[in-house]
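Okay, so here's the structure we're looking at.
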Amino acid sequence: MDVIEADTHHAERTLAGASAAEIAAWGRRSSDWVPPTGLGPMPADLRERAARLLQHQLAVAEALVEGIVQSRRQRDVAARMSQSPSRPESSFIDRPV
């Protein structure tokens, strides 16, 4: 559980100051973790901690999803701007008035 908590805090810190590329990279990590098998039931003294950790993970996951959505929106806007026809440029003539 310590490793999962550390990973969750690391993801949260990354999201706090992350660029769009970093956020997308965290989104791709979702398939990295494989739950261990054969552990048996959760010990009673860890249930409250596990419940808090789950809530924290869900909050970080929600922030990650929002970051990915915003990143995609920015990417789409940038793509549309780069494909638009060039706009006429302003020209100025220096002359005394």
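The values are calculated or read from the model by the stated rules, or taken from the named source; none is laboratory data. Note that the structure is predicted; figures quoted are calculated from it, not measured. In this analysis, Cβ positions are derived from the backbone assuming ideal geometry, glycine residues included, and neighbour counts consider all displayed protein chains.
Structural remarks
- Close pairs from segment 57-73: first at pLDDT 85 or above, partner in a helix (DSSP H, G or I), Cβ under 6 Å, at least 6 apart: Q57/T8; V60/T8; V60/A11; V60/E12; A63/L15
- Any chance R49 is modelled with pLDDT of 90 or more, part of a helix (DSSP H, G or I) and surrounded by 11 or more Cβ atoms within 10 Å (Cβ to Cβ): yes
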